[in-house]
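Presented below is the structure to which this report refers.
Read-outs throughout are calculated quantities, based only on the coordinates presented, and are distinct from any laboratory measurement. Model, not experiment: these values are computed from the prediction.
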Ligand SMILES: C=C(O[C@@H]1C=C(C(=O)O)C=C[C@H]1O)C(=O)O
């Protein structure tokens, strides 16, 4: 009952997108901008739908909405910790519009390709178990685990 080979690369790219949330949160700490930016979210989803890769728009929209929700979850958690500490880490910053968002954009195509590759397995009854196993591997930080669970929440499709 091993997961199909297409799952690990998809989860790797989902995690890579979540890694970027750290930089996003730092940028928002500095700028005092809200975590949530609806117009930007709509752009992200529209751009993904345009690439589509043979996937239907509902699937693409739902998948990227989940990535965005997971990304915000990481940001809210980081900001909360930094408020508690009264400071954010003194690490090098990246520019949101000039560097961070272009990085997120560059991940889109890879995510879509990997989602398309995994697509035939989405309706497999073992799908939730494959994901659960992947999301409960020993060494994952609690916040990363929660974010991965959120990001993959709609990946499996239940039929019947
Ligand atoms: C990552 C950001 O923060 C939030 C998450 C987004 C995303 O995951 O793409 C988009 C907009 C924001 O609601 C951002 O502002 O770019």
Tilt relative to the chain, helix 101-118 - C-alpha long axis, 0 to 90 degrees, to 10: 10
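Using Cα-Cα distances under 8 Å and only pairs 6 or more residues apart, what relative contact order does region 6-74 have, in percent?
About 42 percent, as a whole number.
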With Cα atoms, 0 to 90° folded angle of helix 142-151 axis to the chain main axis: 50
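Tell me the volume per residue, in Å³, of the convex hull enclosing the alpha carbons of region 28-108.
On the way: hull volume 7.4 nm³, N = 81.
Measuring per residue, one finds 91 Å³ for the Cα hull of region 28-108.
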Taking the convex hull of Cα positions in region 17-65, its mean projected area over all directions (nm²): 3.7
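Nearest 500 deg cm²/dmol is fine: what mean residue ellipticity at 222 nm does the chain get from its DSSP H runs of n ≥ 4 alone, each adding -39,500 (n - 2.57), divided by its residue count? All intermediate terms of the calculation are to be shown ahead of the outcome.
Working: 6 runs with 105 residues, N = 160.
The helix-only estimate for the chain comes to -22000 deg cm²/dmol at 222 nm.
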Helix axis angle, 7-31 relative to the chain longest principal axis, alpha carbon, degrees: 20
Cα-only Debye scattering, region 7-151: base-10 log of I(q)/I(0) at q = 0.18 Å⁻¹: -1.10
